[in-house]
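Values quoted throughout were computed directly from the atomic coordinates according to the rules given, and no laboratory measurement underlies them. Please read all numbers here as calculations on a predicted model, not as lab measurements. Glycine also receives a Cβ, built like all others from the backbone with ideal geometry; neighbour counts cover every protein chain displayed.
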Amino acid sequence: MSAGAVAGTAAVYRNDLKQLEFDAVSSLGPVLRLLDAERAHKVGIWAARRGLFPKETRPDPESLSISVWGKDFSNPVGVAAGFDKDGEAVEGLLSLGFGFVEIGSVTPLPQPGNPKPRCFRLKEYG
């Protein structure tokens, strides 16, 4: 077998594994919808912290790069600070392909946060 054939087979195998990972994680969506939104959010943070989501390995197209206030980002799509308030899953969220992940700020004393429910689902989207 030629080196090109081996490389091609490896690429197909790797893509099949990525699809399998994606399908496995995607199939959890209906199960997570059985949980209330706040608990499903916590499960998402837990999974991202442990690197259980498929990783985006493709580089962003150059056309998506952006510079804001002297900071360069590979793409303009990011995660706001409220999603991972305690900064538990920064690496896992970055590996999903976001251009940036903002975490909460440092405060001298713990803050109670907003009253619950803080997470909700739009009914028309399940």
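Ranked by how many other Cβ atoms sit within 10 Å of their own Cβ, fewest first, the residues V101, V43 fall in the order V43, V101. By its C-alpha gyration tensor, with a ≥ b ≥ c as the square roots of the eigenvalues, how is the range 35-125 shaped: rounded for a/c under 1.5, else prolate for a/b larger than b/c, else oblate? Judged from the Cα gyration tensor, the range 35-125 comes out prolate (a/c at least 1.5, a/b above b/c). The modelled label-to-label distance between K55 and R33, using points 7 Å beyond Cα along the C-beta direction, is 3.1 nm. For the listed residue pairs K42/K116; K55/K123; K42/K71, the alpha carbons are over 18 angstrom apart in K55/K123; K42/K71.
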